[in-house]
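The structure appears below as structure tokens.
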Amino acid sequence: MSKLSIITILIVFLSSTVLLKAENVYDLFATGKKEEAINVLKNIIKTDSNLDAKYILGLLYNDASSINLCKIDDFCIDENESNYKKAYEIFLDLYENDNDPRAAYAIGEYYDNHWVFWPNYKKAFKYYLFAAERGVPEAQYNVANMYEFGDGVKKDLVQSVRWYLQCNKSSLCGAGKEGIDDLIAELSSDELDYALSLVEDTIDEVDIRITAARSIVVQ
């Protein structure tokens, strides 16, 4: 997945101004007590139905082989391969039952470009669009790219420009129109005006990298 690893997600908070309490998820991971950290995480999910905690558990399953979790429970299917299907189940549950755009983006990546899952660009587009409409910049960029090249959806340069410009409002893609001059040049003035009219100012940016961890690492 094109996101920071779970370890990076947690380490970000080392420099946070938030005073972390002892024995929280971050401290346990930082001191190598990964199994204890996971148990705390699962307990938060069980007792509080914490969506952020569930999302991070999905990331843990996805990244398990690269962060040495393969000896813990069912996090890996062998010594070198994460339990991606379990991660997928967690993300799918978050998407179907909680409309979580982060989970939708994660599922989109499985169908888009993942060596375990059979590519299905039409499905990838579906999940990316759901996430894009709800503020995930990475999804907005991918939707724009798929509209540009006709991957999983009918080619549509108006929609492509629209979603590139939507992404440009975020901290991830803030390059402005200059980065898509070639696409804009292919549009008529009316088409460009229409694309601009579709860009929304009220979509809150959803960070799939670090903010998801904030509410649970300080437990």
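The values are calculated or read from the model by the stated rules, or taken from the named source; none is laboratory data. Model, not experiment: these values are computed from the prediction. A quick note on method: Cβ atoms are made from the backbone with ideal geometry, for glycine too, and the neighbour counts reach across all protein chains shown.
Residues that are without any contact (Cβ under 8 Å) to a residue 40 or more places away in the chain and part of a helix (DSSP H, G or I) occur at least once in segment 131-138. Of Asp78, Asp100, Asp73, all but one fail to be buried (at least 20 other Cβ atoms within 10 Å of the Cβ), farther than 17 Å from Tyr26 by Cβ and either not assigned by TED's automatic domain parsing to the domain that holds Tyr26 or not small (Gly, Ala, Ser) (or both); the exception is Asp100.
Scanning segment 82-103 for residues that are of a type in the set (D, E, K, R) and over 18 Å from Val116 (Cβ atoms) gives Asp93, Glu96, Asp98, Asp100, Arg102.
A quick yes/no check of all residues on (1) surrounded by fewer than 21 Cβ atoms within 10 Å (Cβ to Cβ); (2) more than 29 Å from Leu198 (Cβ to Cβ); (3) out of contact with any Lys or Arg (no Cβ under 9 Å at 6 or more places or on another chain):
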{"site": "Asn43", "(1), (2), (3)": "yes, yes, yes"}
{"site": "Asn50", "(1), (2), (3)": "yes, yes, yes"}
{"site": "Ile67", "(1), (2), (3)": "yes, yes, no"}
{"site": "Glu96", "(1), (2), (3)": "yes, no, yes"}
{"site": "Ile107", "(1), (2), (3)": "no, no, no"}
{"site": "His114", "(1), (2), (3)": "yes, yes, yes"}
{"site": "Phe125", "(1), (2), (3)": "no, no, yes"}
{"site": "Lys155", "(1), (2), (3)": "yes, no, yes"}
{"site": "Val158", "(1), (2), (3)": "yes, no, yes"}
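Once segment 55-99 is narrowed to residues that are assigned to a helix (DSSP H, G or I) and charged (D, E, K, R), the residue that is modelled with the lowest pLDDT is Asp63. When Leu14, Leu20 are screened for being within 20 Å of Arg209 (Cβ to Cβ), at pLDDT below 90, outside any helix (DSSP H, G or I) and out of contact with any Lys or Arg (no Cβ under 9 Å at 6 or more places or on another chain), only Leu20 passes. When restricted to residues that are over 21 Å from Gly108 (Cα atoms) and either hydroxyl-bearing (Ser, Thr, Tyr) or in contact (Cβ under 8 Å) with a residue 24 or more places away in the chain (or both), segment 35-64 contains 8.
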